[in-house]
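First up is the structure itself, then whatever we jot down about it.
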Amino acid sequence: MKKYQRLAEQILEQIAMDIWKPGDRLPSLREQVRHSGMSFMTVGHAYQLLESRGAIVARPQSGYYVASRPRSNHHHGQQVTRNEAVDINTYIFDVLQASCDATVVPFGSAFPDPRLFPLQQLNRSLSTVSKTATAVSVIENLPPGNSALRHAIAQRYAQQGVPVSPDEIVITAGALEALNLSLQVATQPGDWVIVENPCFYGALQALERLGLKALAIATDPVTGIDLDALEQALEQNPVKACWLMTNSQNPLGVTLTVNKKQALMRLLERYQVTVIEDDVYSELYYGRERPLPLRAFDEQGITLHCSSYSKCLVAGFRIGWVVAGKYARRIQQLQLMSTLSTSSPMQLALVDFLATRRFDTHLRRLRRTLAERKQQVLLALSQHFPPEAKIHHSESGYFLWVELPKQIDTRRLYQQALRYNISIAPGRMFCTDDCWDHCFRLNASWSWGEREQQAIMTLARLIAQQMEPGSV
Ligand SMILES: Cc1ncc(COP(=O)(O)O)c(C=O)c1O
C-alpha cells in the first residue's frame with residue numbers, strides 16, 4: 001500500500017472510531033504534515049482520496065471536514081479483515097436447521113418460494129425420462145456430465161455473447177459442489193483467499209473445511225467490492241484465489257456495473273489470482289438484459305464460473321455446473337474422488353425440460369413475481385420498521401439487507417424472532433467477526449398474506465424493544 005493510501009485508511013479508521021465526528025474539522029494539511037512526518041504531497045493525496053470517497057469535504061478557505069454522512073454508513077471501518085482460522089460452520093448449521101421448520105415464517109431462508117417453480121412441467125419431464133431411459137442412459141452421465149445438458153448450458157451463454165465450449169463445462173451437484181471443487185483446485189490448505197465482506201456463508205464454510213485463510217474485503221450495498229481495499233490485500237498477501245459474486249450478491253443484492261467488472265478483472269489478472277465466480281442469481285434480474293458474468297471480461301482464462309438451476313428453476317434437483325476452462329480436467333478428477341457424478345435421471349429430466357418446455361416464459365414470470373413481492377415487503381417495512389432502519393434493495397433477486405442502528409444485536413433478534421416462529425438470517429452468518437451484528441438478510445420471495453404482515457410487525461416490535469434505553 002502506498003503511503004497516502006495508508007494515511008487515508010488511518011483517518012477512515014479514526015472516523016469509524018468516532019475520534020472525528022461528522023462536521024469535525026480535520027487537521028489542516030500543514031498540521032497533518034507536522035504530525036505524520038509525511039510530505040505535503042502525500043498528505044494532499046490522502047485527503048483527495050478521502051474526498052473522492054465522500055468521507056470528507058473541502059470547504060474553501062476553511063479546511064477539510066468529516067462528511068455529514070460518510071461514503072456509506074455501511075462502512076465498518078475496516079477495509080480488509082484478516083482471518084487465519086475461519087470458524088463459522090456450527091453457527092450457520094444451527095441457523096439453517098431452524099429455518100427448515102415448516103411452521104416458521106422463512107424470512108431467513110436462502111431459497112426462493114418453491115411454489116414459484118414450474119413443478120408440474122418438471123414432473124412431466126421426470127416422468128418422460130423414467131419412461132424412456134434405458135439401463136445404460138442412467139449410468140452413462142459420469143463427469144463431465146450429460147453432453148446434451150452441457151450443450152444447452154453453452155447455448156445460453158452464447159445467447160449472451162459469452163463464448164463457452166461445452167467441453168469446459170462440468171455438471172455438478174448444485175453450485176455448491178461447483179464452488180467447492182473450484183476452490184479445491186485453486187488452493188492448498190493454509191493459502192489466503194479473498195472473499196467479500198459480507199459474503200455468502202457457503203464461501204466461509206468452504207474455507208473452513210479446506211483450512212484456508214480469509215481476507216474479507218469491504219463490500220458496499222450500492223457499489224460492491226472496494227477495489228482499493230482489494231488491491232491493498234493483493235499487494236500485501238500471497239493470495240491464491242478470489243471467491244466473488246458480481247451479480248446480485250448474496251447477501252447485499254448488489255450487481256457491479258460493466259466498468260467495475262472490467263476494472264476488477266484487470267486487477268485480478270494483474271495479480272494472477274484464480275477467480276471463483278458464484279453466479280447463481282444472474283437469471284433473476286429485473287431489468288431488460290441479463291447482466292454479464294465476470295467471466296465475460298476474462299482475457300487470461302483465470303475464472304471458474306459457477307452457477308446452477310437451484311434459484312431459478314428447481315432447487316431439489318441439485319443440478320449446477322462450473323465453466324472450468326483449463327481447470328476442467330482437474331475438476332472432473334476431484335469430482336470422481338468425491339461424489340463420483342451428478343444424478344443421471346435429474347440431468348436427463350433437465351435436458352427434457354430445457355428442450356420441450358418454456359424455460360424463458362417461466363423466467364419472465366418468475367422475475368416479475370419476485371419484483372412485485374419485493375415491493376410488497378418494502379412497503380411493509382417502510383410502514384412498520386423504525387425510520388433509522390436502512391433497507392438496501394436492488395433490481396434483482398429476492399434478498400433485502402436490513403441495516404439497523406448499531407446498538408441492535410441481530411443474533412439476539414434472531415433468537416427472539418424464532419420464539420414467534422419467524423426466521424431471519426443474522427449478519428453474523430456472512431462474515432468472520434461481529435461487524436454485521438446490526439444487520440440481517442430478509443428473503444422477500446414469499447407470497448404476501450396476514451402471516452407475513454404479522455411477522456414483519458413482530459420483528460418491528462422486537463427491534464423497537466431493543467432500541468429502548470437500558471435494553472439488554
Ligand atoms: C450465493 C449462493 N451461492 C451458491 C448457493 C448454492 O447453490 P446450489 O443450491 O445450486 O448448490 C447458494 C444457495 O443458497 C447461494 O446463495
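The values are calculated or read from the model by the stated rules, or taken from the named source; none is laboratory data. Just so we're clear, the structure is a prediction, and the values are computed from it rather than from any experiment. Cβ atoms come from the backbone with ideal geometry, glycine included; neighbour counts cover every protein chain shown. What goes into the accessible areas is simple: the full protein's heavy atoms, side chains included, and nothing from ligands, DNA or RNA. Shrake-Rupley method; radii C 1.70, N 1.55, O 1.52, S 1.80 Å.
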Close pairs (7 angstrom Cβ cut-off, 6 or more residues apart or separate chains): more than 10 Å from residue 459 (Cα to Cα) in region 406-425, of a type in the set (Asp, Glu) anywhere: 409/437; 410/437; 411/437
Considering every residue within region 396-405, establish whether at least one is over 20 Å from residue 106 (Cα atoms) and β-branched (Val, Ile, Thr). no
Complete set of residues in region 377-388 that are surrounded by fewer than 17 Cβ atoms within 10 Å (Cβ to Cβ) and under 23 Å from the mean Cα position of the chain (by Cα): 378
When residue 365 is run through (1) at pLDDT 95 or above; (2) crowded, with 17+ Cβ neighbours inside 10 Å, the failure sits at (2)
Which condition breaks for residue 189 when tested against (1) closer than 30 Å to residue 425 by Cβ; (2) touching a strand residue (DSSP E or B) at 6+ places or on another chain (Cβ under 9 Å)? (2)
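Taking the options 204, 179, 212, name whichever one is among the hydrophobic types (A, V, I, L, M, F, W, C), within 12 Å of the ligand (Cβ to nearest atom), touching a residue at least 12 places away in the same chain (Cβ under 8 Å) and touching a Gly at 6+ places or on another chain (Cβ under 9 Å).
Just one listed residue meets the conditions, 179.
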With the condition kept exactly as written, say whether any residue in region 434-456 is open to solvent by 20 Å² or more (accessible area, probe 1.4 Å), within 30 Å of residue 288 (Cα to Cα) and without any contact (Cβ under 8 Å) to a residue 12 or more places away in the chain. yes
Residue pairs qualifying under the 8 Å Cβ cut-off, at least six apart or on distinct chains, with the first in region 387-400 being free of Cβ contacts under 8 Å to residues at least 60 places away in the same chain and the second being polar (S, T, N, Q) and open to solvent by 20 Å² or more (accessible area, probe 1.4 Å), are 391/382
Being of a type in the set (Ser, Thr, Tyr), away from the ligand (no atom under 16 Å from the Cβ) and either within 27 Å of the chain's Cα centre (by Cα) or in the same structural domain as residue 397 (by TED's automatic domain parsing) (or both) is the filter here; which residues of region 101-127 pass it? 103
Is it fair to say residue 341 is in a strand (DSSP E or B) and either within 15 Å of the ligand (Cβ to nearest atom) or in the same structural domain as residue 245 (by TED's automatic domain parsing) (or both)? no
Would you check which residues across region 178-199 are within 14 Å of residue 305 (Cβ to Cβ) and not aliphatic (A, V, I, L, M) and list them? 182
Which numbered condition in (1) within 20 Å of the chain's Cα centre (by Cα); (2) more than 16 Å from the ligand (Cβ to nearest atom) is the only one that residue 304 fails? (2)
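Can you go through 325, 316 and tell me which one is within 16 Å of the ligand (Cβ to nearest atom), within 19 Å of residue 180 (Cα to Cα), surrounded by fewer than 23 Cβ atoms within 10 Å (Cβ to Cβ) and not aromatic (Phe, Trp, Tyr)?
Details: 325 fails: within 16 Å of the ligand (Cβ to nearest atom).
Answer to the selection: 316.
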When region 214-241 is checked residue by residue, the ones that are open to solvent by 30 Å² or more (accessible area, probe 1.4 Å) and farther than 18 Å from residue 272 by Cα are 222, 223
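What helices (runs of 4 or more DSSP H), lying completely within region 111-199, carry at least 3 residues that are modelled with pLDDT of 95 or more and open to solvent by less than 20 Å² (accessible area, probe 1.4 Å)? Spell out the reasoning first.
Values: elements: 119-132, 147-159, 174-186.
In region 111-199, 147-159, 174-186 are the helices (runs of 4 or more DSSP H) which contain 3 or more residues that are modelled with pLDDT of 95 or more and open to solvent by less than 20 Å² (accessible area, probe 1.4 Å).
Counting only residues that are in contact with a helix residue (DSSP H, G or I) (Cβ under 7 Å, 6 or more places away or on another chain), give me the strands (runs of 3 or more DSSP E) lying completely in region 378-444 with at least 2 of them.
Details: elements: 390-392, 399-403, 439-443.
Strands (runs of 3 or more DSSP E) meeting the threshold: 439-443.
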Options 307, 338: the member that is open to solvent by less than 10 Å² (accessible area, probe 1.4 Å) and out of contact with any Lys or Arg (no Cβ under 9 Å at 6 or more places or on another chain): 307
I'm checking my understanding of the structure. Among residues of region 242-297 that are out of contact with any His (no Cβ under 7 Å at 6 or more places or on another chain) and in a strand (DSSP E or B), which one is nearest to the ligand (Cβ to nearest atom)? 278
Breaking point among (1) within 17 Å of the chain's Cα centre (by Cα); (2) away from the ligand (no atom under 16 Å from the Cβ); (3) not in a helix (DSSP H, G or I), for residue 230: (3)
